Structures are given as C-alpha cells and as structure tokens.
Amino acid sequence: MSAQHEDVADVEAVVLDVAAAPAASASPSSSEAPAGPLKKVNHLKYATSIGDNRGASKGARHVAFKDSPGEQGWWSASAAWAVDHPWLYRGLLLLLLLGLCAAIIMPTVCLTVGCTPKPDEQENNPISLRIMVRFTDADATVKKLLPLLSGFFNSSKLASSGLELLDFDDLGIMREVKSRLREQHADILDLMVNDFLMASWPQLDLLSGTVPANVNATAAAEAAVAAVAAAATAAGFSASDAATAAAAATGTTGRRSAQAVNLSQQQSGVADPLEAQQWHLGAIGAASAWAITRGLPDVIVAVIDTGVDLDHPDIRPNLWINRGEIPDNGIDDDGNGYVDDVYGYDFAGPCSSDWRSQGRRQALIDPATTASSAAATTAATASDLTAERQAVLAMAGLASPASQGSTSTASGTATTSSPVTGSAPVSGVGLSQDQLYMPGRCGSDPDPRPAPSDTGHGTHVAGLVGAVRGNGLGGSGVAPNVKIMALKVSDNSGNFWTSNIMSAYDYALRMGAHVVSCSFGPHSPNLQPTSSDLAQAAQEVRLYERAVQPLARKGVLLVAAAGNEDTDLDKVRDVNMPYLPCTLDLPNVVCVAASNSNNQIWREIASNRWIGTNTGRTTVDIAAPGSRIISTVPGGGATGAYDDKTGSSMATPIVSGAAALVLSVLGASDGNFYQAARARSLLLETGDPRPDLPVISGRTLNVGRAVQAAAALGGTGATLLVPMVVDVAAQSSVLLRGLTDSYFRLPPAIAAAIAAAAASDSTATGTAATNGSVAAVSPVAAGPSSLLGLLPFGGSVRSASTRLSSFKYVGEDVMVAVRGHLKLPEAGQYGVRLATASPLARLAVTVGQRQLVWQAGAGGVREAVLQVPQPGWYDFECLYANSLQSLELSWALPSSPRTFGALPDGYLGTGSMTRSTAPAHAPASLPVPGAVPSGFQVLWQPVTSAPATFPGSDEEEAGVVDGPTTGSWDGGLLATLDAGRFYPYSSIVEDVSYTSSGALAGALAGDGGGASAVAAGGALYGLALAHIRAPTASPQLQFRVTCSFCSLYVGNMLVLEMLDPANPATGPLTTRLSSCLTLGPTASTPAPAPPSAPAAGGARLTTATYPLQLRFATPNVSVSALVLQWAPCNSSLATFAPLAPLLAGGLWYREPAAPPPPAAVAGGGNGATAAAASTPPQPSMQCDAWNSSAVASRPPGQVAVLPRPEEVGPAYSFRLPSPNASFLPCPGPIGTFCPSGANLTFRIADLYPALRRSSEPLYVRCWAWWSSSFRGGLLTVRSSGTLNTAVYVAGQRVFYSVEAIYGGPTNRQPFAPNTTSLAGGYRQLLALEWHGVTPAARLSVMDGSMDTLLTNATLVVANMFAPARVMAASTLP
C-alpha cells in the first residue's frame, strides 16, 4: 500500500534519535531483552510530564580526565601561553566572568518577570502526551495511515464519536505524527487537538462545611443491623432472611429486599436525620414528585466526576452494576473494551502508587458470578422491573399497557451477557488499551473510587442524584431509586483532562446511561481572547460536538454546570468563546446555574472577594439550588460521612436527579427512557418563574411540577399547564380584551433553518414524528425561548380571537409573537385543534408556559390536550414564522370535550402588570381656584416631503421601515413616537376633535407665529399626551378613533392601531373602536400629611392616573382629521364623547376665564374666595430637598425618582426668589446685579447657614407653573458634568445627565421644543432636579444656551408661579 511506502529513512532517523540514548546507556551485562515498542507502551500509557524522557533521550557522552604524567606539563604550557598573549587571556577571562554572572542573574530574572520559552517548548503546561484525532473516513485510523510509526504510540478509538486517542511516551514522536497527519492526510482530517485541561478540584470546591458527626441518630442501630445481617449471611442464610433476622434482633420494622436490582428500594421506614436540613428538596418540590415516583432502577445516571465512594452506605445500594462483567478476574467479559468495569470506570487512573493498588477490594457482588449466571439474574429480575414500572404508572394515575415491551438492553441492571457492540479496539496487539490492564501501572483502571486527596466532590454529586431514602442515614437524593454509574475522569492532582471526559461520554452512551451529569467546566472563562485562543476554542467546540452529538441522537440528556466564576456567559459568547460543555448548542444539553435559599442567583463574598455562579440570559437554561447543599462524602464507615458544598456543581446533580424522575414516568409504559428533548422541555417549562433571574427560562427548578406534567403527558398525552401566580384581572392596571403582536427579525441562520424544516414538512396535516421532542413542530430548537436576544421592530394589536388571518409584516426572516392571557374558569382537560395550511415547522404554540405537542386527530387535523390543574389565568403565546397562511385555534371546554369552537367572551385578554401613576414631579393640586385639568400636549415634527406610499397599499414595499426624515414610513414609525425623543414643536390644545379641513393645522400652529403655521401645513408626525382617570361609574371603557395613520396607547399598552391605505386628501377616513379596556389598580398616593397640604388652590389632583398617547402621522395635515372619544363598554355610537371628564393630569392647566361663583369655589373644599383668582400671582418657585435616605437607589445610568412631598416629607423647603439665593451678576453692563436673587442661581448653604460645613448629599427639586418656555429649546444645568440632573417641562423630560460611561447620545443634551404654543391661557409645569449635591454647590440653569458661562443668561424666576404651602419646621419663608 502507498501508506506503507513512506520515507523510511526519515522514520528511522526519528526512531533512532529517540531510542539512541536508552540503548547506549544500557548495561552490557544486563540480561534483560531490549525494550520493544509494546513493552514501552505498556510501561507508560498516558504521561503528564516529559521531564524524564526528555532527559534520557539526550544521551550525554561522559568524558573522564584521568591523572597522567603529562598533566603538570599541560598546566605549564598553559601558563606560558597566558604570558605570551596577555590581552587575549584577559579577554577570555572577562568572557568567563560574564558567563558566570549571566548564569546567576538570568534564573533570578526569569523567576521574577518570566522568560519566553523556546518555540518547541510552547505546549500546554503541564504537557500532555496525548492527542485526539478524528477523520471524516470512519474506517481510517492513525495506525493504518502511519504504519511505520504505529509501534511508538497507543491508539484507542471511541465507538460512538469516532474520536481516536493517541498516547505517546516521547514528545518527538508525538510531534512527528501530528506533522505527518497534517501534511499527508489533511483531506480526511476532521480535527486534531492536543489534550487540554478542563477544571480542577480547587475550582469545584469553593465552599464546604463539615456536618456534625452526631447527625446520624440511628448510627448505633444501623451498626447493630449490619452486624446481625453479616452474621446471618455468614451462617448461610439468604440475604432476605438475614435482613429479616437483623430487623427482628434490633426491634426495627420493615423488610429489605435482597435482590440486587431492588437494592435502591431499601427503606426501613426510619427517617433520614439530615433530610430536614436539605433545604433544596423542599425548594424543588421533591415531595410532590415522590408522590408519583422516586425513580426506577431502569434509569441510569452517569456521574462524570472525581470518583464515587463505592462503600458509602447511602450510595452503595444504588450503584449501577454491569451484569455482563465478572469482577476482579482481569478479563473483559462483556467485550466492551474495558476490563472489570463492574460499577463504572476510572479513565484517569491513579498514575501513582496509592491505596487502591494495595490488594483486592471486596466486591459488591459475588466475584464467582459468571456471565451466564448474570444473564439468569437479569431474566429473573425482568419481571420485577416491569412490576416497578407498573407501580409508577399506578402512582401517576396512568393505565398499564396490555403487554410490556422488552426492557432496555443497555440499562445496566437489565444488561444481558452479550458483548457491547462498537468498533474494534485498535492497538499494536489487537487489544484495546484497557485490555492491557496491569495493577499498579499508570493509566486507567476499573476502580472509580476517588483518589486519597480527593475533596469528595464526586461522591457529593452522586449522593445528590440518588442517595438512598428512608434508611435512617444522612439525607436523600433527588431520585433515591435510580442507578448511579460512576465514571471518574480526574487524576490524583485533581485535573480533568478532556480526553478522559470524551472516553466517559462514549462509555456512558454504550453502557446505557440515560442522563449524564457533568459538574465541571473549563479552567476559566476567557473574555479577552487572542486570535490563537479563538482558533483553539473552535477546535474544542468541534471536539465536544463530535462527542456529545451521539448522545443527542440516542436521546441521552447531558446536564452541565454553568460554573462559579461570577461571570455572565453571554459576554463570553459575545467574544466567540465557549464555556464547555455548558454552552454546547445541542438539543440534549441543559446548562444549570446555582440559586440560593431565597430563589435568587447564588452570589456571596468569600475571602474578601465576590464568588458566585455564572449566569446568562441566552446561554444558561435554568437555576437550581446550589448553596450550602448537604450530601454524601467519602468515608464515615457504616454510617457514612456527609458535608455541605456550594456551587453550580451541586445544582447540576439536582437537575440530573430531577431528569431521572421525569424519565422514570415518561418511560414507565414502554421502557423507553431515551427521551432527552422531552425531559428537557418539561424541566425548563415547569420551573417556578423568577422574572429577574438571568437565565434563559427565567425559572428555578420545580421537579414536582415536572413529574406531574410528565404523568399527564404519559397518561392521556395532555400537557400540564402552569398557572400564573397573579390574578391578571385583579392586578392589571390596564386589561385589554385583545391580543398583542410583536414582530421580530430573525438572524439568517435561524431563518434558513426554519425554511429548511418547513420544506421537509411535506404536508401540514400529516403526522409529525416527535420522538419525544417538541422540536419537530417548533420554529426553532429552543421552542418558546427562540426569541431571546431579539428585539421587536414592530407591533400591533388584534381582537380577542385565536383566528389569526392577517399580519402587519410577513417575510422569510420575520416572526410574529401573538401574546395574551387566557382565563380558564374550571379545572380539567381542554382540547385545542389547529387548522392551518402552513407547515408545522413554522409554528410554536405555548399555553400555561408549556409548548404544545400536536397529535394527529381524526380527519388529519392536529389536536392537543391541556390539563388545567386549577382555575385561573394562563399565559398564551403563538410564534409564527413567515406567516403567509392564516391559522385558527379552536377550543373544547371540559363540559363538552369534543365540541370545538371559539373561546367565550372574557376568556382572552392582555394585562399590564405595571402599576400606573402620575409622574412623581407632578404637584398634588392645581394652583388657582377654579382651575381644572384640561387639554392635550401635542408634540410634533414636520416632514420635508409627503410619503410616496401608504402602509397597506399595493405600492408599498413589504418590510420597509425608513426614518421619518425621508417622508416614507410604515407602522413601525408609530412605535418610535414617544415623549423621549426630540420634537421641534409643542402645542397645548383643548381637545382632540378635528374633523373640518384645516382645523388640526390651525390648532397645532396656535400662537407659535408664522413659522408654526408654515410647518403645520404639510406632512408631519407627532403624539398627543394626556393623563386620564378611570370613569366613576365603571372602570370599563372603550375608545373611538378617527384617523388615517395612528395608534392609541393607554398605560403604555397599545390598544388600537389604524393603518389606513387611503390618502386623506382623496379617500374617506376610517373610524374604529378599540377593544374593551378595564382600568385597574394604580400606585395611588395616600392622604397628604398636614405640613404638605396646600394653603389655597384649585382642584385636588389624583395620582391614580393612566398615561394616554395618541400617536399619528399624516401626509397633509391641512386636510387630515383626528378625533379621539370614549364611552363605556358596549355603548352605542351616539354616546361617545370627548375625553374632558376623564382628564386628570397636573402637568399643564388653563387659567379660568372668569372667577367662578363663590358657591362653586367653596364647593372645591379649599375655602378660597373669588377675589383670590383675580389677584395676579407673584413670581415664585417651590424647592424641596431630601436626604439620601429618603431616595430609592437607582441602577447605574438611570436618573433616580425623587419622592412626592405628600408621600415623603422633605428635609428642607424654601421658595424662590429669595434675597439670600444669589449674588451673581445678571446679564448686562458690568456691575449689574439681579434684584433680590430673581435669577435661578442659588446655594442651599446660603439659605441654611448651618449647612455650610456639611457634605451630606441632598436631592433637590424646584418646580413652578410656567407661562413660557426655553428660548430656542436650548438649556443646560450647572454641574451636570458631575451630577445627575433632570429637567421636566409639561409631559417631557427635556434634559438629563448621568455618568458619561452609561449615558446615551441624548445625555447632557437639551431636547426641549424650539417653539411652544400656550394659546388659550395655558401654563405648563417646569421641574428642575439635582441629585446628590452638597449644600455649598451652586445650582443654576442656563436659558437659551448650552454652556454655563456667567456671561450667559440664567433662568429667571419670572412668568412662574408655585402655590404657597403650610410651612414645616425646616421650611424657610
């Protein structure tokens, strides 16, 4: 073959160079035969250091100088030469001295600052003499491709992934093999990676605490039981009789089964003393799950970790046993390539002499058991396993099948004696590396016990999964009846080498594990990768994908720890770095963060630094308890040892145990426990919602609900719904009888995947093969979490119907999320029927936080069954990608299970849980008698040209969302029109009721002058602002709107949208009614304290208000109509009227035209006289200051919200103008001063001299009613470069300043309107705020300027008015 005709000379050169030294140094008198390749491989299978080999290969030649008669003559000749050549001699002597100095200094420098290693030594530290290789050709192996070098390394190929592990005993040979593979076989080389380190013990064990030794109250009784049982067994009694005798002798009750397969059922009825301290069991609802199942012995959880104490009394009964293997006979009985792998395997091995090599261990099963007897045992216990599954079915309320299918042949406890199939082992003698096992050698071995220096991590993890419950010892595992496969991958130094992990994955798959628990991660997250880091990371991700994809294909769930570096893994992903295996993008991987006893992310200070679990809203799936978790640790003798540990390493096995319980229910009827996708979905969807939890699901684990959902699904195929924790109707500030649409732009990769899945879905009504997964009918593999990380680009609202026939946007890369709340008034089973011509791959329907799995119904329709546990409200969401086809969901109620139709009125709605309230800076009352809230503030922006097309018209290009300055827009424009952007014009108008030509244009122009009139004559967009209150008679109302292009928001919720294709200049306008709204709870203000009560004024304002925005755009305002009216729900059209009775805002008001009658004034309750209204108010401004303790803390980059004086009394109050407020010069000739401090410049220390030496920060608000505006819309606030400040005018915040690092483009920039119209006698509210100022700081606001130079004009307290207050003790006149 061509592969054998390599450059033999080169190979021989390499081999001779490596072997020369040991050959030369061998003693000629040695009787041993030369060490051949096989001998060398057996001696050093897997080394982690190359120091000895490298030194031996150099083969230094030793030259001895012997005494001779001529030696003295040599010295004489040398001295004579030095005399004859003095300068040369001195130069050589100087070089010698410099060399000695360098030899002394350089090591010190290298130790201090480090030295660059030689290029050939830049390997991972410590250097691994193992590489991992994979070829695209499944039959290719390195030994076949490089036969002349095959004798100098060991090779083993993993059957499931095709990875080949190469072990060397010399670095030169390893490099030569890598070089030849790259040069000669790059066409079939899929990957080649040096073995690399993952985690280590110090990373895994952050916090531990010793559990007191006296926790096992029944330790003495258990010891007596064990002693009696041992004596009975020695006397020849059966195990069951021995257990009975022990119970009788000690007075205990209960009988333990003697069958090996039922060892996990050993429950004496004695309470486990530590279970009450295992807070995590209550947090996850374990009792509810155990009411259905404690797990089946069929289900196997592989614990890949630091090893498991096989003798621990709380773990030993639940150990998985390989029935095809005879223990300790040195033979691979089952032919799986591993010798004596009875309870699992140690893939790292001791790599040094330790306690495990000191003689044989006592086997947990009879060593005399042969493979045939094991098969007989398996056959005898098969019926017991079937009976246990039937018991689970009964406890879950499920019907037993008429005939049981065969149990899983890879389940461990039901394994027959037939060899495990897989690719043939590869090595120099035709045996696998592990069949060459010799006790005491360095390499893997069949004993998965932990190393002597182990901290107990793996044993702790194993106990959390499946410690025995009810045996009177320690605590309980989450799944106390399942089996634990012990797979050790850490060496004696605590290092997790990746190659060992890859081998463990392969073993777990081949030997029948259903869940793989991985409480480890990389050495550390890398947030600043170099180009070489990124290249290496790409190789590592590919390696893990190749190893884990076979698990996914079989349906094995892999549960991985999120890590404990207190890092946001989203940021790690953003720099294209992984955190393996947690961030693997595979459907069978669950990444777990740790939570504390408060159901929050675990984070705390230890050793003067923050430590905590890693998180990620788009990378980590769920959180589970991981703080101070008690479980098993090695040692402790007959009673066992226990400890508490903290970290995501503890959360991971808790989720693994939960998955085992779920699988026990899902597979109880047919023995199919390979349902990773379905189990994953159940775990993530049934968790307890925690809105602020930074994980994908936003949930913490609830195994009780997950098992209940699995039981419902396994019985009738019903999906168990999770009710909302709130009553939507009672808690919503605005409840709309309708649904909302949010539109998202999908990334190209996701859009392409959905299109491909839809194309493969040949028929929309055909049977969809789910295979235990919902991915087949979901737009993306992530199901309900598919929109994470995406922001909507548009939205709309629709009626309360699940017949979805029209959509605002469509396209291959557009997904719509139709959302709302579903009220189900009775418990029981509801049916849902789906009718659509769209491929199912484009749809995902979620009800009650559970994604529906569609089953084929009669006539080819799709149906799902919902199990509603209690009456209440449930979330509803329908994700629809490229919604070209309509769809309809019809429903069957429990009272009529096969009658499908539309939901009754009141079943669907959308609630806003945000408590609505008036702005905090709004005053408690209007300033003058007779004044009432009225009018709308209209902020508007002219557009340079009319739009060429209208939304919905034939000419419109689908998906175009242009900016407003081009004159072209679609519905996406309306979503951007809020009060937080700049509008050059502001007008306060009496009402929004403009039907005649030019009426709207005239109202907007107001008294703004010619410029406003010109601007209001063409195309423009804007919004009308107001605050409303709930109607007195009933909180239910609806709106009537007339416009061509507008949207209505109430309480920040979109309630109506009109995108009329007709040009208002040529076609009729549309009038539409909104769905019915219910205005509910608000954050109302308590009754004001007497010191804050107004002395005189107008109408008392309520804070129980709802913000209202009517956003609109028109191509020609001179011919446009705009009308907004309201009426109680279900009223006739004739009853709709203007909103004046509902207006309740206090951000602007209109002066009363004439003094009201005395009786009317008296009826206002303020005791003012009619004459008071006719007196012109004196210029004034009210200022209040609070201490920092009275102000709620704010997140970085946000302006704090100062309290209302009516709610929290200020520490200091004063009024401007004040003669002590300012001594700065006013604009004008030099020497001109402002009279009585009328300009807005002051220091609190000038007003309160006692505060001149105080450095306590104060939070100040000054406010007044203003009949003017900022000149040209320009202003700035003194000290805004260092302080947080805010300026509010009417319904807008027109200036703010925060820290520069957090601020956006509007930070410290004014965006007040350039022109303001207050026609009709309106005044608007002005509020100025300084946050965290010292009393000595000078506070001022510059009017008409963007800098704080003293030559610029400060804001003058003129045209301002604030009503007087009853003075408190700390208030100045």
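The values are calculated or read from the model by the stated rules, or taken from the named source; none is laboratory data. The model shown is predicted, which means the values in this text are computed figures rather than measured ones. No Cβ is skipped: glycine too gets one built from the backbone with ideal geometry, and neighbour counts run over all protein chains shown. Only protein heavy atoms, including side chains, enter the accessible area calculation; ligands, DNA and RNA are left aside. Shrake-Rupley method; radii C 1.70, N 1.55, O 1.52, S 1.80 Å.
Tabulated data for the structure shown
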item: Bins of 10 Å, starting at 0 and running to the largest distance - Cα pair percent for segment 1241-1363; result: 13, 43, 34, 10, 1
item: Accessible-area ranking of ARG316, ARG603, ARG130, largest first, probe 1.4 Å; result: ARG603, ARG316, ARG130
item: Two-site label geometry, SER806 and ASP533: point separation in nm, points 7 Å out along Cα→Cβ; result: 5.3
item: Virtual spin-label span in nm between SER1254 and THR136, 7 Å along Cα→Cβ; result: 7.7
item: Under 5 Å, built H, 5+ apart or other chain: amide partners of GLN1309; result: TYR1296
item: ASP692, ASP643, reordered so the largest accessible area comes first (probe 1.4 Å); result: ASP692, ASP643
item: Normalised per residue, the volume of the convex hull around the Cα set of segment 132-180 (Å³); result: 71
item: Highest-first arrangement of 323-334, 588-599, 302-313, where packing means the average Cβ count within 10 Å; result: 302-313, 588-599, 323-334
item: ARG1271-ASN1187 FRET efficiency (beta carbon distance; Förster radius 22 Å; 0.05 resolution); result: 0.05
item: Mean Cβ neighbour count within 10 Å, used as a protection proxy, ranking 180-187, 86-93 highest first; result: 180-187, 86-93
item: Stretchable slack from VAL932 to ALA759, in nm (0.36 nm times residue separation minus alpha-carbon distance); result: 56.0 nm
item: Inter-site label distance for ARG1338 and ALA1319 at 7 Å from Cα along Cβ, in nm; result: 4.2
item: Debye intensity ratio in log₁₀ form over the Cα atoms of segment 493-651, taken at each q of 0.14, 0.15 Å⁻¹; result: -0.77, -0.88
item: Calculated from backbone phi, Karplus (6.51, -1.76, 1.60) coupling profile of segment 1198-1206 in Hz, x at Gly/Pro; result: 10, 7, 5, 9, 6, x, 7, x, 5
item: Largest-first ellipsoid semi-axes for segment 536-615, taking √(5λ) over the Cα gyration tensor eigenvalues, angstrom; result: 27, 16, 9
item: Solvent accessible area, Å² - SER607, 1.4 Å probe, full protein context; result: 110
item: Probe 1.4 Å, all protein chains present, accessible-area order of ARG737, ARG1204, largest first; result: ARG737, ARG1204
item: Sequence-distant residues sharing a close amide H with ILE1028 (under 5 Å, placed H); result: TYR1106, LEU1108, ALA1144
item: Span from the segment 287-320 Cα centroid across to the segment 721-752 one, whole angstrom; result: 40
item: Length-normalised contact order for segment 434-565 - Cα pairs under 8 Å, 6+ apart - percent; result: 19
item: Percent breakdown of C-alpha pair distances by 5 Å bin, ordered from the shortest bin, for segment 563-605; result: 6, 18, 26, 22, 17, 10, 2
item: Length released on extending from GLN870 to HIS523, taking residue separation times 0.36 nm less the Cα-Cα span; result: 120.2 nm
item: Links that overshoot a 27 Å alpha carbon limit, given the list LYS157/LYS178; LYS483/LYS645; LYS157/LYS645; LYS488/LYS645; result: LYS157/LYS645
item: Per-residue ³J(HN,Hα) for segment 446-458, Karplus 6.51 cos²θ - 1.76 cosθ + 1.60, θ = phi - 60°, Hz, x for Gly and Pro; result: x, 9, x, 5, x, 5, x, 8, 5, 8, x, 4, x
